[in-house]
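K.L.:
Okay, here's the structure, questions in a sec.
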Amino acid sequence: MTQSKQAITAIRGIKDILPEEISRWHFVENTFKSILTGYGYQEIRLPILEKTALFARSIGEVTDIVEKEMYTFDDRNQESLTLRPEGTAQCVRSVLEHGLIHNQSQKLWYSGPMFRYERPQKGRYRQFYQAGVESFGLAGPEIEAEQLLMMARFFKLLGLERCVSLQLNTLGSFSARMGYQEALVKYFTARIDELDEESKRRLTSNPLRILDSKHPQMQALVKAAPSILDYLTPESLAHFERLQKILKVSHLSFSIEPRLVRGLDYYTETVYEWVTQDLGAQGAVCAGGRYDILVEQLGGKPTPAVGFAIGIERIVALLELEGQVATPSIADVYCVFLTLDAVLIGLPLVENARNHIANIKLVADLAGGSVKSQFKRADKSGAKLAVILGEDELKNETLTIKYLREDKPQVTIEQKSLVAFLLGHL
Ligand code: HAM
């Protein structure tokens, strides 16, 4: 049987993250982790696969994610499983399963790949990375405010504070939302001929989602629709107003967007998105809100909860646009061995240097080849110093040190003084 030799490519919408981009990823991930740790959040690691019912029950049967975007399949035992499209539902599943919110509050963070079968375009992928936060057991708006301040700090540390802005809304309590939903249905039914096909369908299944329609023909209609802010209970209004007050005294600016609804059904009260104008259509870089009904929906006791997730690709793309992060060199010191015997002496010397100098980036050239090609690689590595071991050095038990980034003459040192020399010159 002849086998095709054609190269196999990655799946559409699922991309590799290459070494040249990785420093930006590390910057985002490390900044996120250090900020979250500083606010008392603990990491939780959750699986990539879950039972399909978890997402159907929490995100909502009539949402884009559950209707058309989940990677769902039967395993070998005919159990329906789904690659997680987001982290909130599974975080709730996990804290319930392990009793983590029994008589106590919890502040957790997680990160990792999520999967949605969306139409791929710049900033929208089928496998994408989120870092998310969920807090359980805190009912007041102070926790929303703290999470928003935390994110403002995050964007500032990344140097992106001027590229993003905060849009805020409230969906009110679950019961008040039902009243609002009725008003929306009445409004849109009276104008049914002006609705696009998708919105007509949503009218009976999930009317709130019509407000999120991207269809150009729908924009004026959506703008003139009843506002949720007119249907809030006094408690919801007080919650929303106090949140705004805390943000104001903390000097965090925001805009109120009464038509901001989210693509997931579990939200109640506060919802928000951090958006940017710099990435085209995929402008949401962080989104979240309160979801006080979800824990009960998934079998727990009623528990207030608030969280958000950032889209790491989009934040990395912003950093790239802003030119914030330089690619670090792969080596501090590059070692060039010119003969096979030199390798025998040189490798133990290099290992010894590693034993004595913490975190040094010491790269030994193991590819061989001509002196010229070895020096080319030394230069490309970004190293400051090259350590050279050839026949003369072997004979004299010395090493030659070449300065790769400074205009200085090369020097000869004794092999046994390599560690001291490096400590003094890095
Ligand atoms: P979400 O709005 O679906 O919320 O996603 C959060 C963020 O993930 C988005 O703002 C965006 O930056 C990024 N994102 C979503 N889909 C894609 C995609 N296809 N490609 C690239 N980036 C994407 C949630 O997932 C909620 N679980 C957030 C949350 C946590 N709410 C409460 N707790």
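K.L.:
Return the FRET efficiency for the residue pair E235, D74: r is the Cβ-Cβ distance, R0 is 60 Å, and the value is rounded to the nearest 0.05.
P.N.:
E(calc), rounded to 0.05, equals 0.85.
K.L.:
Subtracting the Cα-Cα distance from 0.36 nm times the residue separation, let me have the gained length for K384 to Q181 in nm, one decimal. Can you show the working numbers first?
P.N.:
Details: separation 203, 0.36 × 203 = 73.08 nm, distance 6.50 nm.
Roughly 66.6 nm would be gained on extension.
K.L.:
Among the listed pairs K107/K301; K122/K245; K156/K245; K15/K51; K51/K107, which are separated by more than 28 Å between their Cα atoms?
P.N.:
K122/K245
K.L.:
A further question on this structure: Compute the label zone of I345 within segment 383-415: residues whose backbone N is under 20 Å from the point 7 Å along Cα-to-Cβ.
P.N.:
Label zone hits: 386-403, 410-415.
K.L.:
Where both residues lie in segment 333-421, what percent of DSSP beta bridges are antiparallel, nearest 5? Display every interim value, and only then the final one.
P.N.:
Numbers: 8 of 16 bridges.
The antiparallel fraction comes to roughly 50 percent.
K.L.:
Which of H356, H102, H215 moves most in a GNM of the chain, Cα contacts under 10 Å?
P.N.:
H356
K.L.:
Let's see if you can work this out: charge +1 on each Lys and Arg Cβ, -1 on each Asp and Glu Cβ, no other charges. What is the dipole magnitude of segment 54-156 about its Cα centre, in debye to the nearest 20?
P.N.:
On the way: 13 positive and 14 negative charges, 100 e Å.
Roughly 480 debye for segment 54-156.
K.L.:
Using the crude model of +1 on Lys and Arg Cβ and -1 on Asp and Glu Cβ, and no other charge, please compute the dipole size for the chain relative to its Cα centre, in debye to 20. Mind dumping the intermediate values first?
P.N.:
Numbers: 50 positive and 53 negative charges, 78 e Å.
Approximately 380 debye in magnitude.
K.L.:
Follow-up question, since we're still on this one. If you take the beta carbon distance between R153 and H425 as r and set R0 to 25 Å, what does 1/(1 + (r/R0)^6) give as a FRET efficiency, to the nearest 0.05?
P.N.:
Plugging the Cβ-Cβ distance into 1/(1 + (r/R0)^6) gives 0.10.
K.L.:
Tell me the GluC sites (Glu not before Pro) within segment 168-199 that lie in a loop according to DSSP and have at most 13 other beta-carbon atoms within 10 Å.
P.N.:
Counting only loop positions with at most 13 other Cβ atoms within 10 Å, none of the GluC sites (Glu not before Pro) in segment 168-199 qualifies.
K.L.:
Would you please give the FRET efficiency between T37 and A358, computed as 1/(1 + (r/R0)^6) with r the Cβ-Cβ distance and R0 = 30 Å, to the nearest 0.05?
P.N.:
0.85
K.L.:
Sort segment 333-421 into rounded, prolate or oblate with this rule: let a ≥ b ≥ c be the square roots of the eigenvalues of the Cα gyration tensor; rounded if a/c is under 1.5, and if a/c is not under 1.5, prolate when a/b is larger than b/c, oblate otherwise.
P.N.:
rounded
K.L.:
With springs only between Cα atoms under 10 Å apart, run a GNM on the chain and tell me which of Q277, Q42, Q415 wobbles the most.
P.N.:
Evaluated over the chain, the most mobile residue of the options is Q415.
K.L.:
Can I ask one more? Distance from the Cα centre of segment 101-126 to that of segment 198-224, in angstrom?
P.N.:
Comparing the Cα centres of segment 101-126 and segment 198-224, I get a distance of 26 Å.
K.L.:
Dipole of the chain (Lys/Arg Cβ +1, Asp/Glu Cβ -1, origin at the Cα centre): which of G323, M151, L54 lies farthest to the positive side?
P.N.:
G323
K.L.:
Hey, another quick one. So how strong a dipole does segment 333-421 carry about its Cα centre when Lys and Arg Cβ are +1 and Asp and Glu Cβ are -1, to the nearest 20 debye? Kindly include the intermediate steps, with their values, before the conclusion.
P.N.:
Working: 12 positive and 11 negative charges, 89 e Å.
Its charge dipole is roughly 420 debye.
K.L.:
What is the extension gain from S250 to E194, computed as 0.36 nm multiplied by their sequence separation minus the C-alpha to C-alpha distance, in nm to one decimal? Please report the intermediate quantities before stating the final value.
P.N.:
On the way: separation 56, 0.36 × 56 = 20.16 nm, distance 4.32 nm.
My answer for the length gained is 15.8 nm.
K.L.:
Find the lysine pairs in segment 333-421 meeting two conditions, Cα atoms under 15 Å apart and a separation of 8 or more places or different chains, and report how many there are.
P.N.:
Lysine pairs meeting the criterion: 10.
K.L.:
In segment 337-420, which GluC sites (Glu not before Pro) are in a loop and have at most 11 other Cβ atoms within 10 Å, using DSSP for the loop call? Numbers along the way, then the final one.
P.N.:
Values: sites: E351, E391, E393, E397, E406, E414; in loops: E397, E406.
Those satisfying the criteria are E397, E406.
K.L.:
In nm, what is the difference between 0.36 nm times the number of residues separating A281 and R162 and their Cα-Cα distance?
P.N.:
Value of the extension gain: 41.0 nm.
K.L.:
Measure out, as a whole number of angstrom, how far apart the alpha-carbon centroids of segment 283-326 and segment 357-409 sit.
P.N.:
Each part reduced to its Cα centre gives a spacing of 46 Å.
K.L.:
Tell me the relative contact order for the chain as a rounded percent, counting alpha carbon contacts under 8 Å between residues six or more apart.
P.N.:
The normalised contact order for the chain reaches 16 percent.
Every number here is computed from the coordinates shown, using simple stated rules; none is lab data. What you see is a predicted model, and the numbers here were worked out from it, not measured in a lab. Because the Cβ atoms are built from the backbone with ideal geometry, glycine has one as well, and the counts that use them run over all protein chains shown.
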